[in-house]
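Take a look at the structure below.
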Amino acid sequence: MKLKKGELLFDEGEGSRAMYYLKTGMIRIFKKKGESFIEIETLRSGQVLGELAFLDGNPRSASAQALTDCELVEVSAEIFSQTLKTMPNWLKLLLKTIVGRLRTASTRIRQLETASSSYDYSSK
């Protein structure tokens, strides 16, 4: 699949039907915070994105937008399921554990961001 510069691949909060391998180009990962954005990461050719929501079934934790024209390989649930069938059980458990820990860390970071931005620094 191809994305033009500026196009969104997915939006924060959406459900996930696939993860992606970025063959060419650059994609920014970002979160919305009020009217502004928090830049999370810039991905380049050879990297995978969208894996967290895809693997744990939760909504997308961030948005992805093409910084340049991009070519991606979409990994659908069907393709991934076929691949999982050939994996040993311990490897499936490892993958599930890592994804769970990443999601927990992501949620904790979001909580810390909210707590730090809601603190009242005014003198009373």
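Which shape class, rounded, prolate or oblate, goes with the range 17-74 when its Cα gyration tensor gives a ≥ b ≥ c as root eigenvalues, a/c under 1.5 marks rounded, and past that a/b bigger than b/c marks prolate? Let's see the in-between values first.
Details: a/c = 2.47, a/b = 1.15, b/c = 2.15.
Since a/c reaches 1.5 but b/c is at least a/b, the shape of the range 17-74 is classed as oblate.
About the Cα centre of the range 9-61, how large is the charge dipole given +1 on each Lys and Arg Cβ and -1 on each Asp and Glu Cβ? Please answer in debye to the nearest 20.
On the way: 8 positive and 8 negative charges, 32 e Å.
Rounded to the nearest 20 debye, it is 160 debye.
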*For the chain, find the longest principal axis of its Cα atoms and tell me its angle to the long axis of helix 89-117, 0 to 90°, nearest 10.*
20
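Percent relative contact order of the chain, based on C-alpha pairs within less than 8 angstrom and at least six residues apart? Walk me through the intermediate numbers first.
Working: 206 pairs, mean separation 39.7, N = 124.
Relative contact order, the chain: 32 percent.
Looking at this model, which pairs from Lys31/Lys85; Lys5/Lys32; Lys2/Lys31; Lys5/Lys33 are more than 26 angstrom apart at the alpha-carbon? Intermediate values should be presented prior to the final figure.
Details: Lys31/Lys85 34 Å; Lys5/Lys32 19 Å; Lys2/Lys31 22 Å; Lys5/Lys33 23 Å.
Distance filter (> 26 Å) returns Lys31/Lys85.
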*Whose amide H sits under 5 Å from the amide H of Thr68, counting only residues 5 or more places off or on another chain, with H placed in the peptide plane?*
Gly6, Met26
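Short version: what are the Cα gyration tensor semi-axes of the chain, square root of 5 times each eigenvalue, largest first, in whole Å? Write down the numbers at each step before the final one.
On the way: eigenvalues 168, 90, 22 Å².
With the √(5λ) rule applied to the chain, the semi-axes are 29, 21, 10 Å.
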*DSSP loop (so not H, G, I, E, B), at most 10 other Cβ within 10 Å: list which trypsin sites (Lys or Arg not before Pro) in the range 1-54 pass both filters.*
Lys4
*Mean residue ellipticity at 222 nm from the helices of the chain, using -39,500 (n - 2.57) per DSSP H segment of n ≥ 4 over the full residue count, to the nearest 500 deg cm²/dmol?*
-11000 deg cm²/dmol
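Counting other Cβ atoms within 10 Å, which chymotrypsin sites (Phe, Trp or Tyr not before Pro) in the range 20-124 have at most 16 and lie in a DSSP loop? Display every interim value, and only then the final one.
Numbers: sites: Tyr20, Tyr21, Phe30, Phe37, Phe54, Phe80, Trp90, Tyr119, Tyr121; in loops: Tyr119, Tyr121.
Counting only loop positions with at most 16 other Cβ atoms within 10 Å, the chymotrypsin sites (Phe, Trp or Tyr not before Pro) in the range 20-124 are Tyr119, Tyr121.
No lab work stands behind these numbers, since they all come straight from the coordinates. As the structure is a prediction and not an experimental result, all values here were calculated from the model. Reconstructed Cβ throughout: ideal geometry from the backbone, glycine too, with neighbour counts over all protein chains shown.
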